[in-house]
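Have a look at the structure below before the remarks.
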Amino acid sequence: MRDVIEGDNVTLECRFVPHLLTREPTFYWSRTNRNEKDNVAIGDQPLGQNYAVDYRPNEGRYDLRIRNSTYDRDNGQFECRLKETGSGED
């Protein structure tokens, strides 16, 4: 859990061991709040203008940067996930 003041920039880190990946996964960040669950980034593509990703899977890094955070948009639980290609498993 992390508290952020509205208007701040924040980086959420996601680390993993790259050599343990057996197949090429799909990386994504999701946000869950009391109204919905939604993806905010898939692979190296952020899905909103206030989001950016540091996508370096060969280094075990997939960080989400949130610029100019707002309560309405960014209040919720963020999760970094990897979905193994062909398996449907997270």
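The values are calculated or read from the model by the stated rules, or taken from the named source; none is laboratory data. Please read all numbers here as calculations on a predicted model, not as lab measurements. So basically every Cβ, Gly included, is an ideal-geometry build from the backbone, and we count neighbours across all protein chains shown. SASA here: full protein model, heavy atoms, side chains in, ligands and nucleic acids out. Shrake-Rupley method; radii C 1.70, N 1.55, O 1.52, S 1.80 Å.
Things worth noting here:
- Rolling a 1.4 Å probe over the protein heavy atoms leaves TYR28 with an accessible area of roughly 30 Å².
- Cβ-Cβ distance of ARG56 and SER30, R₀ of 25 Å, FRET efficiency by 1/(1 + (r/R0)^6): the value works out to about 0.80.
- Extension gain, GLU79 to PHE16, is 21.3 nm, computed as 0.36 nm per intervening residue step minus the present C-alpha separation.
- Longest exposed-site-free window of the chain, the sites being trypsin sites (Lys or Arg not before Pro) in a DSSP loop that have at most 16 other C-beta atoms within 10 Å: 35-66
- Our estimate of slack between ASN39 and ASP3, defined as 0.36 nm per intervening residue step minus the Cα-Cα distance, is 10.9 nm.
- The residues of the chain have, on average, 68 Å² of accessible surface per residue, using a 1.4 Å probe with all protein chains present.
- Values [x] 1.05; [y] 1.45; [z] 1.10 are given for comparison; Cα Rg over 2.2 N^0.38 Å, derived from the coordinates here, is the one labelled [z].
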